[in-house]
Each structure stands twice: as C-alpha cells, then as structure tokens.
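*Asks:* Handing you a structure now.
The values are calculated or read from the model by the stated rules, or taken from the named source; none is laboratory data. None of these values were measured; they are calculated from a predicted model. Positions of Cβ are backbone-derived with ideal geometry, glycine not excepted, and every protein chain shown enters the neighbour counts. Heads up: the accessible areas ignore ligands, DNA and RNA and are worked out on the full protein's heavy atoms, side chains in. Shrake-Rupley method; radii C 1.70, N 1.55, O 1.52, S 1.80 Å.
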Amino acid sequence: MQLTITNLSKTYSNGVQALRNISLSIPQGMFGLLGPNGAGKSSLIRILATLQEADSGTIFLGETDVLKQKEAVRKILGYLPQEFGLYSKISAESFLDHIAYLKGIIRKKEREETVKALLHKVNLYDARKKNLGTYSGGMKQRFGIAQALIGHPRLIIVDEPTAGLDPTERNRFHNLLSEIGENTIVILSTHIVEDVSHLCSNMAIISRGELLISGQPSQIIDSMEGKIWKKTILKTDLPGYLQEHKVISTTLLAGKSVIHVYSDDRPDDTFLPVETDLEDVYFTVISDKTNVMAL
C-alpha cells in the first residue's frame, strides 16, 4: 500500500498559506516529515488524519480517497498528536480498554487480549494498573503509541513524538517506532533531524508550506557529499563570513564559532571538508528557502 498526495494546498482564513501544491508518494515503512516550526507539517498531518479540510488536491491511501472517505480512513488510521489528553485518575489498562471499545472491539475477551498484547509491546504491562497521571513523559508517549496501534492500522501518524524525552526514553521510543514501521506506513512529523536520520528509509523536508526535497536520506546526503566545509573562527568575525559565504550553520566550541559552509569547491585552504550528514542537508535546503523568501 502507498499514500499518494497530489497538489495539496491549504490557506487559512487569515491569509496564511500553510501548504502550497504538496505532492508526495509515501511507501510502507518509516517516513520522516522534517521541517522547522511553522513549516506546514501540522497542517499536512491534520488533513491526513481527517481532522481538517484541504482547499485543493487529492490524497489516496491505496484505493481509498482520504479527503472523501473519511470514515473509511479512520478505521485504518492510528494517530498520536503532539499533545493528547489523558484521564489522569484512570489506569492505563482501563483507558486502553475503553479506547479499544470505541474503536469497535466489542467482545470483552478480544479487548482483554488486545490490551494485554499492546501493553507488552510498548513495555508498559508491569505499570498497567497505575494511573496515567503518575506516568513519565516517555511512558505517556508509549501509551499514546499503544492506543494508536489498536485495530491494526495501515497508516500511523506521529507528531513530534520525542520532543521533551530524555535520551533513554528517546532511544526506547526509536526502537518501538522502528519495529512498527516494518509492517505499515508510519509518518513521523518532527523538527529533530536525528530522529529522521536514525529511523526513516524515506523523507521529505518542507518549509513555509512548500516541499523542498524528498527521497531516501542516504541518497540525499550523497548528493551533497564534498560540498560542505567547516572552519573555526572568532565570534567577532562571523558577520564577515556570513556576507562572503553560504553559511548553513554555526555552533560554539570553546568560545569560538564553528561554521559549516556550502560550496561546490573549497572556499580556501583554511576550510576543512566535512563528512556530510542529514543535519547539513537540512540546514542547506532550509537556508535556500529562507534566502529565496527574503528577496
């Protein structure tokens, strides 16, 4: 099964154009939707989740028309929004049972088996009797994935799932998402480049409502290999380098600035080559968009 988005656009009543003719083909597996805050990611996933209307364009999940067959889509959709409400005084087991009932699992025995299997899958079975209000942020995110998996969805959408998690929970969540992505379409919407580089076999970067680049991360990285250079400079010299070079990122190291520059050729002998990674790709295409929009 494949998710096919064609010429999708959305403009809000205040005049903000959130999406501009977005076209994407998303196969089974983990797909990273990467972009800064305000890029249009949330608008796109709300439309995919049947929570918001598009102005124009089409979306098909296999043969299902996502924009016209919303009830059919909801039966095969799992969704974990960035913020989702939980009843703090209800146990994880009871709440998951309730959600399973709402999703159409009527027989009690089947619900019990479903809830048990899901709690084991997200490593929450031992905490199943605890109230959700006592859960840590990572535990709540894993519970969110459990509820999203009810009913064996064919499309799963997760929005900024690792924001605010500590490194241990983030790694645990990565492993969980990777396992889920083996058998379904999973769209990971995030601004964290590392999440996409670790998890996703396909990806897209959007900014200001436009698709900037899409494809396999390894191929996108290879296309920029040999074009990223770095240099350590004094912080006071940074404005001059910003004027003379295409500086895509700066970081501080021991009180100095380490700049990464995009250039087909080495700017001069004081620059060192960089082994390109997805973060360099991200900053390069985002800076291109920023510069174009600023003209």
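*Asks:* What residues qualify as long-range amide H neighbours of T11, i.e. H under 5 Å apart, gap of 5 or more or another chain, H built at 1.01 Å from N?
*Replies:* Under 5 Å from the amide H of T11 lie the amide H atoms of A18, D55, each far enough along the sequence or on another chain.
*Asks:* Same structure, new question: With the radius of gyration and the Kirkwood radius both derived from the Cα set of the stretch 223-295, what is their ratio Rg to Rh?
*Replies:* That ratio equals 0.95.
*Asks:* Report for the chain the percent antiparallel among DSSP-assigned beta bridges with both residues inside it, nearest 5.
*Replies:* Beta bridges within the chain, antiparallel portion: roughly 65 percent.
*Asks:* The stretch 1-73: which chymotrypsin sites (Phe, Trp or Tyr not before Pro) are DSSP loop and have at most 15 other beta-carbon atoms within 10 angstrom? Provide the component values of the computation, followed by the final result.
*Replies:* Working: sites: Y12, F31, F60; in loops: Y12.
Within the stretch 1-73, the qualifying chymotrypsin sites (Phe, Trp or Tyr not before Pro) (loop, at most 15 other Cβ atoms within 10 Å) are Y12.
*Asks:* Continuing with this model, one more query. Just the accessible area for Y282, please: 1.4 Å probe, Å², rounded to the nearest 10?
*Replies:* Number for this one is 20 Å².
*Asks:* Please state the relative contact order of the stretch 13-81 as a whole percent: Cα pairs under 8 Å, 6+ residues apart? Intermediate results must be reported in sequence, preceding the final value.
*Replies:* Numbers: 37 pairs, mean separation 15.1, N = 69.
With pairs under 8 Å counted, the relative contact order is 22 percent.
*Asks:* Relative contact order (percent) for the chain, with alpha-carbon contacts under 8 angstrom and 6 or more residues of separation? List each step's numbers first, then the result.
*Replies:* Numbers: 533 pairs, mean separation 60.9, N = 295.
Over the chain, the number comes to 21 percent.
*Asks:* Related question: So which lysines can K246 reach, going by Cα to Cα under 20 Å and dropping same-chain residues fewer than 8 places off?
*Replies:* Reachable lysines: K227, K230, K231, K235, K256, K289.
*Asks:* Given a 1.4 Å probe and the protein chains all in place, what does the accessible area of H260 round to, in Å² to the nearest 10?
*Replies:* 40 Å²
*Asks:* Would you mind calculating the relative contact order of the stretch 62-167 from Cα pairs under 8 angstrom and at least 6 residues apart, reporting the percent as a whole number? Provide the component values of the computation, followed by the final result.
*Replies:* On the way: 123 pairs, mean separation 46.4, N = 106.
Dividing the mean separation by the residue count of the stretch 62-167 yields 44 percent.
*Asks:* Still on this structure, please answer the following. Ignoring ligands and nucleic acids, what accessible area does T4 show with a 1.4 Å probe (Å², nearest 10)?
*Replies:* Rounded to the nearest 10, the figure is 40 Å².
*Asks:* Moving to a separate point now. Karplus couplings for the stretch 206-215 from phi (6.51 cos²θ - 1.76 cosθ + 1.60, θ = phi - 60°), rounded to Hz, Gly and Pro as x?
*Replies:* In residue order, the calculated couplings are 10, 8, 6, x, 10, 6, 9, 6, 8, x Hz.
*Asks:* Using per-residue counts of other Cβ atoms within 10 Å, averaged over each peptide, order 182-195, 206-219 from highest down.
*Replies:* Values: 182-195: 19.6, 206-219: 17.7.
The packing order, highest mean first, is 182-195, 206-219.
*Asks:* May I ask you to rank D55, D288 by accessible area, largest first, using a 1.4 Å probe over the protein chains only? Before the final figure, lay out each step's value.
*Replies:* Values: D55 90, D288 60 Å².
Output order, biggest surface exposure first: D55, D288.
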